[in-house]
Amino acid sequence: MGAVNPRVGVAALCSPMEVGADRAPQAAAELSQLLAQSGCEAVDLGVVDTPGAASAAGLRLADGHLDALAAAPVTWFEDYLVLDLLEECNLPILFWPLPGMETGALCGAQQATCCLRQLDKPAMTVFSPVSAGANLDRGMSFLRAAALHRRMRRARIGLAGRRVSGMTEVAPNEFALKKTIGARVAPLDMASLVAAAREAPGKEEYWSRLKSGAGAVRVPDESGHFAAGMTLAIREAVRREGLSGLAFGCYPDFMGCACLAASILADEGVPVGCEGDVNGVAGMIMLNLLTGQPAHNTDWLDPLPDESVVFSHCGSGSHALAERRQDIVLAPVRLANSGVCSLFPAKPGAVTLVNLIPSGAGYQLAVMEGEALRTDMVFPGNPLRVKFPRPASEIIEWIHREGIGHHWMAGYDRVAAELGHWAAIAGPGVRMIELRCSGNSNCG
């Protein structure tokens, strides 16, 4: 599993009469090369200097199924060039105007973004020579967000069973989910999935392989055979339905049934979320795409005396997230004392945590960044201990004040900037709230 690589069309914008128009072909080629070196799949669209060239570039963007346009204004240019291009392929635009006192490139970018702002079209501008550095990093953050937006528009999230009774926040608003996030829900019959797990061919042999890779096994083979069968059954459902992830209605009747499947499939790029939380699975898919790694599915638990906070669920985390693979214990799930789950402390590193819930006719995305620290098994699951830049009590106040839910998905990397760009691209239906604290002021 790797992080999403943006597929970007690159064009130079100019007006033929302006000073510097002759730089346009070279500018498009240089920006294409720089973005390709930074991990993009870059398609050089050449020079856009007439309405016909603008329409042709837009059609090439559409035919190539690209995620965004990176435009290098080299002179002042007519704003209708951008508008005509977008009529053929409506994509986010990164403007990178080239410096030049007599060219008017910066003016051209300003008038174009003025138009796009009035039309609610997503765009971002950086201003510098085309080279590596802070502006490239900012531009790549925007382009990754554009790629995330396109991928999420095609995501399908399975829902096996139902969401937990008494846990309203995990219920998806399917219309708003499709309209704002892009994903759609594919219901799966729990009885059929359980039957497929019981009848899965090769589950005994598969269980033998799985338990041989664990540090310790504390469940009977009968439980292991069913857990292995459920892994195979979910994998087949993912293939058959073309799913990007799956929410499993585990609590309380099916606790422990899919925990092992969640651990195994996460390493294959398919998050399996707990408690029927479709919204949380959407957040996990987003983190997978941005970080190229599996994400934790957690609850916010208690802060520790050093102001770090413990997050965990019952033991459904990817084995790749364990600090030490030899510490993984296959054991019955807590409370129900049945099934198979994976117990281990989570590895340290920079993390981004997200909480995604319906909000009116749209969705609310809460985002925090922190540093995961080494921890002991302070909770029977996959404890993740995170230190934030502000006191835990201040963050708890922020959570309650903003009406944030209790499921936090955690990915290893700092991707709040990408999520901010993604929320802007998704439009006003997404309300993003980011934890920002400074001085003695409140968070939020």
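The values are calculated or read from the model by the stated rules, or taken from the named source; none is laboratory data. As the structure is a computational prediction, the values presented were derived from the model and not from experiment. Glycine gets a Cβ as well: all are built from the backbone with ideal geometry, and neighbour counts include every protein chain shown.
Identify, please: which residue in segment 328-345 is surrounded by fewer than 24 Cβ atoms within 10 Å (Cβ to Cβ) and at positive phi and is, among those, farthest from the chain's Cα centre (by Cα)?
If we take residues in segment 328-345 being surrounded by fewer than 24 Cβ atoms within 10 Å (Cβ to Cβ) and at positive phi, then Asn337 is farthest from the chain's Cα centre (by Cα).
Within the set of pairs 6+ apart or on separate chains, which have a first residue in segment 17-40 that is without any contact (Cβ under 8 Å) to a residue 12 or more places away in the chain, a second that is buried (at least 24 other Cβ atoms within 10 Å of the Cβ) and among the polar types (S, T, N, Q), and C-beta atoms under 9 Å apart?
Qualifying pairs under 9 Å: Met17/Thr75.
When you look at Ala68, is it crowded, with 24+ Cβ neighbours inside 10 Å, touching a residue at least 60 places away in the same chain (Cβ under 8 Å) and under 15 Å from Val130 (Cβ atoms), yes or no?
No.
Sort out for me the strands (runs of 3 or more DSSP E) sitting completely within segment 78-192 that have 1 or more residues that are charged (D, E, K, R).
Filter on segment 78-192 gives 156-160, 184-188.
What pairs come out if I take residues in segment 357-372 that are among the aromatic types (Phe, Trp, Tyr) and pair them with residues that are surrounded by fewer than 21 Cβ atoms within 10 Å (Cβ to Cβ) and outside any strand (DSSP E or B) whose C-beta lies under 8 Å away, six or more apart or interchain?
Tyr363/Asn173; Tyr363/Ala176; Tyr363/Gly429
Can you tell me which residue in segment 270-315 is farthest from Asn5 (Cα to Cα), limited to those that are out of contact with any Ser or Thr (no Cβ under 6 Å at 6 or more places or on another chain) and among the small types (Gly, Ala, Ser)?
Ser308
Just to be sure I understand the filter: pairs with C-beta atoms under 6 Å, separated by 6 or more residues or on different chains, first member in segment 415-435 and in contact (Cβ under 8 Å) with a residue 40 or more places away in the chain, second member of a type in the set (Val, Ile, Thr) and not in a helix (DSSP H, G or I). Which pairs pass?
Val415/Thr352; Ala416/Thr352; Ala416/Val367; Leu419/Val367; Ala423/Val430; Glu434/Val367
Residues that are at pLDDT 95 or above, buried (at least 16 other Cβ atoms within 10 Å of the Cβ), in a helix (DSSP H, G or I) and outside the structural domain of Ala145 (by TED's automatic domain parsing): does segment 245-260 have at least one?
yes
Within segment 213-233, is even one residue more than 27 Å from Gly381 (Cβ to Cβ), touching a residue at least 60 places away in the same chain (Cβ under 8 Å) and either touching a strand residue (DSSP E or B) at 6+ places or on another chain (Cβ under 9 Å) or assigned to a helix (DSSP H, G or I) (or both)?
There is no residue in segment 213-233 that is more than 27 Å from Gly381 (Cβ to Cβ), touching a residue at least 60 places away in the same chain (Cβ under 8 Å) and either touching a strand residue (DSSP E or B) at 6+ places or on another chain (Cβ under 9 Å) or assigned to a helix (DSSP H, G or I) (or both).
Which one is surrounded by the most Cβ atoms within 10 Å (Cβ to Cβ), of the residues in segment 120-175 that are assigned by TED's automatic domain parsing to the domain that holds Ala68 and among the aromatic types (Phe, Trp, Tyr)?
Restricting to residues being assigned by TED's automatic domain parsing to the domain that holds Ala68 and among the aromatic types (Phe, Trp, Tyr), the top hit is Phe142.
Taking the condition without any contact (Cβ under 8 Å) to a residue 40 or more places away in the chain, over 18 Å from Ala147 (Cβ atoms) and outside any loop (DSSP other than H, G, I, E, B), does Gly52 pass?
Criteria met by Gly52.
With the requirement that a residue be among the hydrophobic types (A, V, I, L, M, F, W, C), in contact with a Ser or Thr (Cβ under 6 Å, 6 or more places away or on another chain) and within 23 Å of Gly166 (Cα to Cα), what does segment 240-261 give you?
Scanning segment 240-261 gives a single hit, Cys259.
Would you check which residues across segment 37-47 are within 20 Å of Pro73 (Cβ to Cβ) and either in contact with a Ser or Thr (Cβ under 8 Å, 6 or more places away or on another chain) or not in a loop (DSSP other than H, G, I, E, B) (or both) and list them?
Residues satisfying the conditions are Ala42, Val43, Asp44, Leu45, Gly46, Val47.
Within segment 360-415, track down each residue that is outside any strand (DSSP E or B), small (Gly, Ala, Ser) and out of contact with any Ser or Thr (no Cβ under 6 Å at 6 or more places or on another chain).
Hits for segment 360-415 are Gly360, Ala361, Ala392, Ser393, Gly403, Gly405.
Give just the number: which of (1) crowded, with 17+ Cβ neighbours inside 10 Å; (2) more than 22 Å from Thr291 (Cα to Cα) does Val378 not satisfy?
Among (1) crowded, with 17+ Cβ neighbours inside 10 Å; (2) more than 22 Å from Thr291 (Cα to Cα), Val378 violates only (1).
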